[in-house]
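Everything below concerns the one structure shown next.
The values are calculated or read from the model by the stated rules, or taken from the named source; none is laboratory data. Not measured: the values here are computed from a predicted model. Here Cβ is always computed from backbone atoms with ideal geometry, including for glycine, and neighbour counts include all displayed protein chains.
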(Lines give C-alpha, C1' and ligand atoms only; values in the text may rest on other atoms or scores of the structure.)
Protein backbone atom coordinates (compact mmCIF):
# COMPACT_ATOMS: atom_id res chain seq x y z
CA UNK A 1 0.00 0.00 0.00
CA UNK A 2 1.52 3.30 -1.09
CA UNK A 3 1.11 6.26 1.25
CA UNK A 4 2.85 8.73 -1.03
CA UNK A 5 3.49 9.35 -4.68
CA UNK A 6 5.09 11.91 -6.96
CA UNK A 7 3.19 13.70 -9.74
CA UNK A 8 5.57 15.90 -11.68
CA UNK A 9 6.92 18.41 -9.18
CA UNK A 10 4.26 17.62 -6.57
CA UNK A 11 4.57 15.02 -3.81
CA UNK A 12 1.34 13.71 -2.33
CA UNK A 13 1.13 11.97 1.08
CA UNK A 14 -1.82 10.13 2.63
CA UNK A 15 -2.04 10.62 6.41
CA UNK A 16 -4.41 7.96 7.75
CA UNK A 17 -6.04 8.38 11.14
CA UNK A 18 -8.54 5.51 11.07
CA UNK A 19 -10.26 2.99 8.85
CA UNK A 20 -13.31 1.23 10.22
CA UNK A 21 -16.89 0.10 9.67
CA UNK A 22 -19.28 2.91 10.55
CA UNK A 23 -22.96 2.00 10.12
CA UNK A 24 -25.28 -0.01 7.84
CA UNK A 25 -24.63 1.20 4.31
CA UNK A 26 -28.35 1.56 3.59
CA UNK A 27 -28.64 3.96 6.54
CA UNK A 28 -25.61 5.87 5.26
CA UNK A 29 -26.95 5.99 1.67
CA UNK A 30 -30.70 6.15 2.31
CA UNK A 31 -31.83 5.73 -1.31
CA UNK A 32 -29.70 2.62 -1.86
CA UNK A 33 -32.16 -0.23 -2.39
CA UNK A 34 -31.67 -3.71 -1.01
CA UNK A 35 -31.82 -5.05 -4.56
CA UNK A 36 -28.95 -2.85 -5.75
CA UNK A 37 -26.90 -3.63 -2.64
CA UNK A 38 -27.40 -7.37 -3.12
CA UNK A 39 -26.28 -7.09 -6.74
CA UNK A 40 -23.02 -5.37 -5.78
CA UNK A 41 -22.26 -6.80 -2.35
CA UNK A 42 -19.48 -9.12 -3.51
CA UNK A 43 -17.29 -6.54 -5.20
CA UNK A 44 -17.96 -3.93 -2.51
CA UNK A 45 -16.81 -6.40 0.14
CA UNK A 46 -13.87 -7.46 -2.02
CA UNK A 47 -12.72 -3.84 -2.30
CA UNK A 48 -12.95 -3.41 1.46
CA UNK A 49 -15.76 -0.86 1.19
CA UNK A 50 -18.36 -3.10 2.87
CA UNK A 51 -18.17 -5.29 5.95
CA UNK A 52 -19.91 -8.45 4.67
CA UNK A 53 -20.81 -9.64 8.17
CA UNK A 54 -23.30 -6.85 8.79
CA UNK A 55 -23.43 -4.72 5.61
CA UNK A 56 -21.73 -1.78 7.35
CA UNK A 57 -19.98 0.77 5.17
CA UNK A 58 -16.22 0.86 5.72
CA UNK A 59 -14.62 4.30 5.57
CA UNK A 60 -11.07 5.58 5.70
CA UNK A 61 -10.46 8.85 7.55
CA UNK A 62 -7.39 10.61 6.24
CA UNK A 63 -5.70 13.84 5.23
CA UNK A 64 -3.66 14.54 2.14
CA UNK A 65 -0.47 16.55 2.40
CA UNK A 66 0.66 18.21 -0.83
CA UNK A 67 4.24 19.38 -1.26
CA UNK A 68 4.55 21.80 -4.18
CA UNK A 69 7.63 23.83 -5.15
CA UNK A 70 6.09 26.70 -3.18
CA UNK A 71 4.14 25.36 -0.22
CA UNK A 72 3.26 22.41 1.97
CA UNK A 73 -0.52 22.10 2.16
CA UNK A 74 -2.70 19.81 4.27
CA UNK A 75 -6.19 19.03 2.95
CA UNK A 76 -8.83 18.02 5.52
CA UNK A 77 -7.69 17.47 9.09
CA UNK A 78 -9.64 14.35 10.08
CA UNK A 79 -10.94 13.59 13.57
CA UNK A 80 -8.65 15.05 16.23
CA UNK A 81 -8.04 14.19 19.87
CA UNK A 82 -9.81 15.23 23.07
CA UNK A 83 -12.90 16.24 21.10
CA UNK A 84 -16.42 15.93 22.49
CA UNK A 85 -18.16 13.53 20.09
CA UNK A 86 -20.75 11.64 22.20
CA UNK A 87 -22.66 10.36 19.16
CA UNK A 88 -19.51 8.65 17.84
CA UNK A 89 -17.96 6.59 20.68
CA UNK A 90 -14.91 5.69 18.57
CA UNK A 91 -14.14 9.42 18.13
CA UNK A 92 -15.27 10.68 21.53
CA UNK A 93 -12.44 12.07 23.70
CA UNK A 94 -9.95 10.14 21.57
CA UNK A 95 -6.33 10.18 22.79
CA UNK A 96 -4.44 7.95 20.35
CA UNK A 97 -1.27 8.91 18.48
CA UNK A 98 -2.26 7.49 15.07
CA UNK A 99 -2.44 10.81 13.24
CA UNK A 100 0.73 12.38 14.59
CA UNK A 101 2.63 9.14 14.09
CA UNK A 102 1.47 9.00 10.46
CA UNK A 103 2.64 12.57 9.92
CA UNK A 104 6.03 11.79 11.46
CA UNK A 105 6.44 8.65 9.33
CA UNK A 106 5.82 10.80 6.25
CA UNK A 107 8.62 13.09 7.41
CA UNK A 108 6.25 16.01 7.97
CA UNK A 109 6.23 18.25 11.03
CA UNK A 110 3.28 20.37 12.12
CA UNK A 111 5.50 23.46 11.83
CA UNK A 112 6.11 23.05 8.10
CA UNK A 113 2.45 23.14 7.03
CA UNK A 114 1.83 26.45 5.25
CA UNK A 115 -1.88 26.01 4.58
CA UNK A 116 -4.68 23.85 5.95
CA UNK A 117 -7.55 23.55 3.49
CA UNK A 118 -10.93 22.15 4.55
CA UNK A 119 -13.06 20.93 1.63
CA UNK A 120 -16.02 21.48 3.94
CA UNK A 121 -16.66 21.94 7.65
CA UNK A 122 -17.98 18.55 8.77
CA UNK A 123 -16.72 16.95 11.96
CA UNK A 124 -14.33 14.45 10.34
CA UNK A 125 -12.62 17.07 8.16
CA UNK A 126 -11.71 19.69 10.78
CA UNK A 127 -10.70 17.75 13.90
CA UNK A 128 -6.94 18.31 13.85
CA UNK A 129 -7.35 22.00 13.05
CA UNK A 130 -6.86 22.42 16.79
CA UNK A 131 -5.32 20.61 19.73
CA UNK A 132 -5.95 21.00 23.46
CA UNK A 133 -3.23 22.87 25.35
CA UNK A 134 -3.76 23.71 29.03
CA UNK A 135 -7.51 23.56 28.50
CA UNK A 136 -7.46 25.87 25.47
CA UNK A 137 -7.94 24.99 21.80
CA UNK A 138 -4.90 26.17 19.85
CA UNK A 139 -3.92 25.66 16.19
CA UNK A 140 -2.30 22.27 15.65
CA UNK A 141 -0.31 23.70 12.75
CA UNK A 142 1.23 26.82 14.29
CA UNK A 143 2.55 28.43 11.10
CA UNK A 144 -0.40 27.67 8.82
CA UNK A 145 -3.14 29.80 7.38
CA UNK A 146 -6.43 27.94 7.42
CA UNK A 147 -8.51 28.23 4.25
CA UNK A 148 -12.30 27.92 4.62
CA UNK A 149 -14.95 28.63 2.00
CA UNK A 150 -16.54 31.94 2.94
CA UNK A 151 -20.03 30.65 2.15
CA UNK A 152 -19.44 27.41 4.04
CA UNK A 153 -18.13 29.23 7.09
CA UNK A 154 -21.01 31.73 7.06
CA UNK A 155 -23.52 28.87 7.06
CA UNK A 156 -21.95 27.08 10.05
CA UNK A 157 -21.23 30.26 11.99
CA UNK A 158 -24.86 31.31 11.71
CA UNK A 159 -26.08 27.88 12.82
CA UNK A 160 -23.70 27.93 15.78
CA UNK A 161 -25.38 31.08 17.11
CA UNK A 162 -28.52 29.11 17.97
CA UNK A 163 -27.20 25.58 18.58
CA UNK A 164 -24.08 24.14 20.18
CA UNK A 165 -22.20 22.40 17.36
CA UNK A 166 -19.22 20.80 19.06
CA UNK A 167 -16.89 20.53 16.09
CA UNK A 168 -17.48 24.14 15.08
CA UNK A 169 -16.88 25.28 18.66
CA UNK A 170 -13.65 23.34 19.17
CA UNK A 171 -12.15 23.09 15.67
CA UNK A 172 -13.33 26.04 13.56
CA UNK A 173 -14.25 29.08 15.66
CA UNK A 174 -10.95 29.11 17.61
CA UNK A 175 -9.03 29.36 14.31
CA UNK A 176 -11.18 32.28 13.17
CA UNK A 177 -11.07 34.07 16.53
CA UNK A 178 -7.27 33.84 16.56
CA UNK A 179 -7.13 35.48 13.13
CA UNK A 180 -5.66 32.39 11.46
CA UNK A 181 -8.43 31.78 8.91
CA UNK A 182 -8.71 33.08 5.36
CA UNK A 183 -12.26 32.96 4.01
CA UNK A 184 -11.99 32.23 0.31
CA UNK A 185 -14.08 31.63 -2.80
CA UNK A 186 -14.55 27.95 -3.63
CA UNK A 187 -13.50 28.60 -7.23
CA UNK A 188 -10.16 30.23 -6.42
CA UNK A 189 -6.55 29.07 -6.35
CA UNK A 190 -3.78 28.81 -3.78
CA UNK A 191 -0.95 28.94 -6.30
CA UNK A 192 -0.19 27.76 -9.84
CA UNK A 193 -0.22 24.13 -8.63
CA UNK A 194 -3.31 24.08 -6.40
CA UNK A 195 -6.82 25.15 -7.42
CA UNK A 196 -10.33 24.77 -6.03
CA UNK A 197 -13.23 23.16 -7.88
CA UNK A 198 -16.77 23.87 -6.56
CA UNK A 199 -18.65 20.61 -5.89
CA UNK A 200 -21.62 21.70 -3.73
CA UNK A 201 -24.40 19.53 -2.39
CA UNK A 202 -22.89 17.47 0.40
CA UNK A 203 -22.55 20.81 2.16
CA UNK A 204 -23.56 24.25 1.01
CA UNK A 205 -20.18 25.09 -0.57
CA UNK A 206 -18.15 21.88 -0.64
CA UNK A 207 -15.12 22.01 -2.94
CA UNK A 208 -12.56 19.62 -4.42
CA UNK A 209 -8.86 20.47 -4.78
CA UNK A 210 -7.11 20.02 -8.13
CA UNK A 211 -3.33 19.61 -8.37
CA UNK A 212 -0.91 20.22 -11.23
CA UNK A 213 1.00 23.05 -12.85
CA UNK A 214 -0.54 22.97 -16.32
CA UNK A 215 -3.29 20.38 -16.00
CA UNK A 216 -5.22 18.46 -13.37
CA UNK A 217 -2.73 15.71 -12.54
CA UNK A 218 -4.74 14.83 -9.44
CA UNK A 219 -7.89 15.89 -7.65
CA UNK A 220 -8.70 15.51 -3.95
CA UNK A 221 -12.44 15.00 -3.81
CA UNK A 222 -13.38 15.40 -0.14
CA UNK A 223 -16.88 14.04 0.45
CA UNK A 224 -18.11 14.24 -3.12
CA UNK A 225 -18.16 10.42 -3.03
CA UNK A 226 -18.13 8.32 0.14
CA UNK A 227 -18.39 4.84 -1.36
CA UNK A 228 -17.31 3.32 -4.69
CA UNK A 229 -20.92 2.37 -5.41
CA UNK A 230 -21.74 6.08 -5.81
CA UNK A 231 -19.55 6.22 -8.91
CA UNK A 232 -21.71 3.57 -10.52
CA UNK A 233 -24.88 5.19 -9.15
CA UNK A 234 -24.17 8.93 -8.66
CA UNK A 235 -27.77 9.50 -7.62
CA UNK A 236 -27.05 7.73 -4.31
CA UNK A 237 -26.86 10.54 -1.79
CA UNK A 238 -25.38 10.49 1.69
CA UNK A 239 -27.74 10.86 4.65
CA UNK A 240 -26.22 14.20 5.72
CA UNK A 241 -26.16 15.81 2.30
CA UNK A 242 -27.30 19.43 2.46
CA UNK A 243 -28.95 19.07 -0.97
CA UNK A 244 -29.18 15.55 -2.39
CA UNK A 245 -30.19 16.73 -5.86
CA UNK A 246 -27.28 19.15 -6.02
CA UNK A 247 -24.80 16.57 -4.72
CA UNK A 248 -25.96 14.18 -7.45
CA UNK A 249 -25.42 16.86 -10.08
CA UNK A 250 -21.92 17.54 -8.72
CA UNK A 251 -21.05 13.82 -8.86
CA UNK A 252 -22.35 13.49 -12.42
CA UNK A 253 -20.41 16.54 -13.60
CA UNK A 254 -17.26 15.29 -11.88
CA UNK A 255 -17.48 11.85 -13.51
CA UNK A 256 -18.01 13.38 -16.94
CA UNK A 257 -15.05 15.72 -16.40
CA UNK A 258 -12.53 13.15 -15.15
CA UNK A 259 -13.80 9.83 -16.50
CA UNK A 260 -11.26 8.05 -18.75
CA UNK A 261 -8.59 10.71 -18.14
CA UNK A 262 -5.15 10.47 -16.58
CA UNK A 263 -6.20 12.55 -13.55
CA UNK A 264 -5.61 10.70 -10.28
CA UNK A 265 -8.73 10.69 -8.07
CA UNK A 266 -7.81 10.96 -4.39
CA UNK A 267 -10.76 10.02 -2.20
CA UNK A 268 -11.25 10.95 1.42
CA UNK A 269 -13.15 7.87 2.50
CA UNK A 270 -12.69 4.96 0.10
CA UNK A 271 -10.71 2.22 1.88
CA UNK A 272 -7.01 1.94 1.16
CA UNK A 273 -5.43 2.44 -1.31
CA UNK A 274 -8.05 5.22 -1.72
CA UNK A 275 -6.57 6.60 -4.96
CA UNK A 276 -7.24 5.59 -8.55
CA UNK A 277 -8.38 6.57 -12.00
CA UNK A 278 -12.01 6.96 -13.01
CA UNK A 279 -13.00 4.60 -15.81
CA UNK A 280 -16.24 4.26 -17.73
CA UNK A 281 -17.98 1.02 -18.60
CA UNK A 282 -21.36 0.05 -20.08
CA UNK A 283 -22.68 -0.34 -16.52
CA UNK A 284 -21.37 3.01 -15.25
CA UNK A 285 -18.23 4.58 -13.86
CA UNK A 286 -15.82 2.99 -11.40
CA UNK A 287 -12.53 3.89 -9.75
CA UNK A 288 -9.63 1.67 -10.78
CA UNK A 289 -7.38 1.75 -7.73
CA UNK A 290 -3.63 2.09 -8.15
With criteria (1) more than 27 Å from residue 287 (Cα to Cα); (2) in contact (Cβ under 8 Å) with a residue 60 or more places away in the chain; (3) buried (at least 23 other Cβ atoms within 10 Å of the Cβ), residue 175 comes up short on (2)
Among residues of the stretch 38-59 being touching a residue at least 24 places away in the same chain (Cβ under 8 Å) and over 25 Å from residue 264 (Cα atoms), the residue surrounded by the most Cβ atoms within 10 Å (Cβ to Cβ) is 55
Reported set for the stretch 110-142 where residues are part of a loop (DSSP other than H, G, I, E, B) and either at pLDDT below 95 or loosely packed, with under 14 Cβ neighbours inside 10 Å (or both) is 134, 135, 142
Scanning for something in a strand (DSSP E or B), surrounded by fewer than 21 Cβ atoms within 10 Å (Cβ to Cβ) and in contact (Cβ under 8 Å) with a residue 40 or more places away in the chain, does the stretch 82-93 turn up at least one residue?
no
query: Is it fair to say residue 101 is over 18 Å from the mean Cα position of the chain (by Cα), surrounded by fewer than 23 Cβ atoms within 10 Å (Cβ to Cβ) and assigned to a loop (DSSP other than H, G, I, E, B)?
result: no
Flagged in the stretch 45-76 as in contact with a helix residue (DSSP H, G or I) (Cβ under 7 Å, 6 or more places away or on another chain) and not in a strand (DSSP E or B), in numbering order, are 52, 55, 76
